[in-house]
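Down below is the structure, laid out as structure tokens.
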Amino acid sequence: MAERTKKAAAGSARVGLLDELRGFAIICMVVYHAMYDLKFIFGVDVPIFFDGWFDIIRDIFAGLFIFISGTVCRYSSNNLKRGAQCFFIGMIMTFVMPFFTGGTIMFGILHFLGISMMIFGLGEKVFDLLPATVGIIVCAILFILTWNVQSGYIGIGGLFELSLPSKAYEVGVLFPLGLHNSSFYSADYFPMLPWFFLFIAGSYFGIWAKRGALPKFFYPTHFKWLATVGRYTIWIYVLHQPVIYLIFSLIFR
């Protein structure tokens, strides 16, 4: 009985480590966007931040943020509402960003997370037909198989490739899925394929987190300031670009 009570208490509390990891991920994202602005808006070359290896690191931290966003959906009582709000903020960014940076965000991470939350909110009972372990494995496989959708195929490069119809990439309105032609541009771009499968994998991980089934060190807060940052990621994401742009404008212009 005591053990059951302890697990229930752990499951009802926030998972401190996840807040901290999300805070770390958003800080990395802010740094990346600052380097992006320096290079492409203010003409300050920062070579180390745009080597090939840095793109890999960028995707790792963005993936961590998406995975944790899927996890915390298990703690929300209304993912439809959260998703709609997130998507609405993303659309505001779409219309506002050209005035700051000259670039356009057609389907950035806020658009992606908003749609993903709403899909999860509508289909949670369907997703839960799979046990958490099976769900994570299936999502991992689908994530790998759809990683190269933007390159025109499903599969693993060099092993097997299933080409997708080239006409699908010319439709224009399918860019949220990762299907677009070479003229498409979005300063921040996270298509549903493959990232949605990482989000849903996070939601399956959230089942374990909420049950209190994770190792004990996941639940307490180790760095309070970092956990606080992790709880306000959406506002940091919305506000950091205008603030960075203002600071750099004062310095360089």
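Some notes on this structure:
- Cα→Cβ-extended label distance, 7 Å offset, between Phe252 and Leu80, nm: 4.5 nm
- Calculated mean residue ellipticity, 222 nm, the chain: -21500 deg cm²/dmol, from DSSP H runs (n ≥ 4) at -39500 (n - 2.57) each, averaged per residue and rounded to 500.
- Shape call, the stretch 128-253: gyration tensor on alpha carbons, a/c limit 1.5: oblate
- On the beta carbon distance between Leu122 and Ile48, with R0 = 45 Å, the FRET formula returns roughly 0.55.
- If you count Lys pairs in the chain whose Cα atoms are under 25 Å apart, skipping same-chain pairs closer than 8 places in sequence, the total is 12.
- Anisotropy class assigned to the chain is oblate, per the alpha carbon gyration tensor with a/c at or over the 1.5 cut-off and a/b no larger than b/c.
- Euclidean distance between Cα centres, the stretch 213-253 to the stretch 42-67, Å: 17 Å
- Computed from label points 7 Å out along Cα-Cβ, the spacing between His222 and Val173 is 4.8 nm.
- Computed extension length for Phe184-Met106: 27.2 nm, one decimal, from 0.36 nm per residue of separation with the Cα-Cα distance subtracted.
Taken together, the values in this text are just the output of simple stated rules run on the coordinates, not laboratory data. The structure presented is a predicted model; accordingly, all values stated were derived computationally and were not measured. Note: ideal-geometry Cβ built from the backbone for every residue, glycine included; neighbour counts use all protein chains shown.
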